[in-house]
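K.L.:
Below you will find the structure I want to go over with you.
The values are calculated or read from the model by the stated rules, or taken from the named source; none is laboratory data. Model, not experiment: these values are computed from the prediction. Ideal geometry is used to build each Cβ from the backbone, glycine not excepted, and the neighbour counts take in all protein chains shown.
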Amino acid sequence: MTTHQTLIVGAGPFGLGLAAYLNRRGHDYCLVGKPLEFWEKHMPAGMLLRSNANWYLDPDHQWTIERFFAEQHPNHRASQPIAREHYIEYMRWMMQQSGIPVLNHYVSHLAHQEPGFRAQLDNGQTIQARNVVLATGFQYFAHSPNYLTDKIPAGRYAHTCDAVRMEVYRNRRVLLIGGRQSAFESAALLREGGAAHVHLSYRHDTPAFAEADWSWVEKIVAHLATHPGWFGELPAAEQADYRYRLWAEGRLKVEPWLKGRVTQPDVILHPRTELVSATLQPDGALRTTLTNGEVLVVDDILLATGYQVDITRLPFLSLSLLQMVRVEQGFPLLDLNFQSSLPGLYFNSLAAGHSFGPFFGFTVGVRTAASLIGRALCETQQTHEPG
Ligand SMILES: Cc1cc2nc3c(=O)[nH]c(=O)nc-3n(C[C@H](O)[C@H](O)[C@H](O)COP(=O)(O)OP(=O)(O)OC[C@H]3O[C@@H](n4cnc5c(N)ncnc54)[C@H](O)[C@@H]3O)c2cc1C
């Protein structure tokens, strides 16, 4: 068994940003998780980021994306979208430059045990820590709505986070349900990967192909670093306005670089439609019907239906620990340091969205979260250290 002041669970952008902060300040922490796992295993190869180089991870501004490109890929133009592959390389480079050590394992069980927490890893190791920061990101929150899955034969659909190897769909007919950036990007990549054809069905009008403007989000997130209570103190209607504005920025627009890639005869758009039924044919194909009466025969159905936070879906949390965390609409309620109602237990990233605003579902929130959580953790270490 090893003992640490702080255990960070999750080695994605949020876990790494916090580790960089703590590392520099000599805080006693341990980072457990599979580095960049979500980006490598649940985002499609060839994907381009919507975010830009301003969204780097190092809260002390040393290991920036701009510096990474200048040193590693000097021919990269700042105006180009950043490829997923470059971003993964950037995160590896940043880990190496900052000397962040990672235990490449999973926490299989986390329980509250005075004066802190006890984590069991999948290799049998046990870690005792006074504080735990959960930064397990998106993977447990993939959302496949029942109103869709109830209509599709078992085993014949996948969420887009599990449909990232496009070669699997070569020569296959695919129906994608969802009509936002991720659905359109998956359609482009499926087509380029050799799918026979791709249908997109979505309930709304076709979104505009226009560049999203995140500059206002960057300002808000920077402001939160010094005024962490700002979002939580807004009247509910104003919070809702901000949620809508971010949603609209991300969801009512699809990046312009996708336009030519999906405006193709073998990518067929079905706006203002929903799935009515999907039945298995004797030849193994799926006969699907949409609300406008169209019948599409396909081999696969992919759900680009996003993510929904519900912390009871984190499979490694003990029941008694969960019962000590105050929750609203699936989100933990957090104080100004991202600490839950269970002292010493912090939630980072997407799960912080209820208390700090929806901005933390994107890496734009990494540095602000790292400095707020990091500062609080460093203060608790000073408080608990003898002498
Ligand atoms: C299709 C798509 C496109 C996106 N595009 C962008 C974009 O352009 N720009 C942007 O900023 N954001 C984008 N995002 C959002 C981005 O993916 C998230 O903001 C980011 O990955 C969240 O980082 P994270 O550190 O919270 O967790 P993740 O990246 O989800 O990583 C989770 C970490 O937790 C670890 N973990 C999980 N379970 C355990 C366990 N039991 N024990 C230990 N470790 C565990 C994993 O191994 C991993 O290391 C996109 C998301 C999707 C789905």
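K.L.:
Quick check, is Leu7 within 11 Å of the ligand (Cβ to nearest atom) and buried (at least 21 other Cβ atoms within 10 Å of the Cβ)?
P.N.:
yes
K.L.:
Only one of (1) more than 28 Å from Asp266 (Cα to Cα); (2) under 24 Å from the mean Cα position of the chain (by Cα) fails for Pro235. Which number is that?
P.N.:
(2)
K.L.:
Only one of Ser341, Ser371 is modelled with pLDDT of 95 or more, surrounded by fewer than 21 Cβ atoms within 10 Å (Cβ to Cβ) and not in a helix (DSSP H, G or I); which?
P.N.:
It is Ser341.
K.L.:
Return only the number of the condition from (1) buried (at least 18 other Cβ atoms within 10 Å of the Cβ); (2) away from the ligand (no atom under 11 Å from the Cβ) that Asp299 does not satisfy.
P.N.:
The failed condition is (1).
K.L.:
Condition (residue is in contact with a strand residue (DSSP E or B) (Cβ under 9 Å, 6 or more places away or on another chain) and more than 27 Å from Ser186 (Cβ to Cβ)) applied to segment 85-101: is it met by at least one residue?
P.N.:
Yes.
K.L.:
Given (1) surrounded by 12 or more Cβ atoms within 10 Å (Cβ to Cβ); (2) assigned by TED's automatic domain parsing to the domain that holds Ala370, where does Glu71 come up short, assuming only one miss?
P.N.:
Going through the list (1) surrounded by 12 or more Cβ atoms within 10 Å (Cβ to Cβ); (2) assigned by TED's automatic domain parsing to the domain that holds Ala370, Glu71 breaks only (1).
K.L.:
Of the residues Glu85, Glu89, Glu40, Glu66, which single one is of a type outside the set (Val, Ile, Thr), more than 9 Å from the ligand (Cβ to nearest atom) and farther than 29 Å from Leu377 by Cβ?
P.N.:
Being of a type outside the set (Val, Ile, Thr), more than 9 Å from the ligand (Cβ to nearest atom) and farther than 29 Å from Leu377 by Cβ holds for just one of Glu85, Glu89, Glu40, Glu66, which is Glu85.
K.L.:
Now, a different point. Of the conditions (1) within 24 Å of the chain's Cα centre (by Cα); (2) within 30 Å of Ile373 (Cβ to Cβ), Thr126 satisfies every one except a single condition; which number is it?
P.N.:
Failed condition: (1).
K.L.:
I would also like to ask the following. Can you report the number of residues in segment 110-133 which are more than 9 Å from the ligand (Cβ to nearest atom) and surrounded by 16 or more Cβ atoms within 10 Å (Cβ to Cβ)?
P.N.:
Qualifying residue count for the region: 11.
K.L.:
Scan segment 175-185 and give yes if some residue there is among the charged types (D, E, K, R) and buried (at least 18 other Cβ atoms within 10 Å of the Cβ), otherwise no.
P.N.:
yes
K.L.:
Name every residue in segment 244-264 that is surrounded by fewer than 14 Cβ atoms within 10 Å (Cβ to Cβ) and touching a residue at least 40 places away in the same chain (Cβ under 8 Å), in order of residue number.
P.N.:
Trp247, Pro256
K.L.:
Could you say which residue among Gly357, Gly330, Gly353, Gly365 is more than 25 Å from Pro115 (Cβ to Cβ), free of Cβ contacts under 8 Å to residues at least 60 places away in the same chain and crowded, with 18+ Cβ neighbours inside 10 Å?
P.N.:
Exactly one residue qualifies, and that residue is Gly353.
K.L.:
Sticking with this structure for a sec: I'd like to verify a number: residues in segment 317-338 that are in a strand (DSSP E or B) and out of contact with any Ser or Thr (no Cβ under 7 Å at 6 or more places or on another chain), how many?
P.N.:
Residues that pass the stated criteria total 4.
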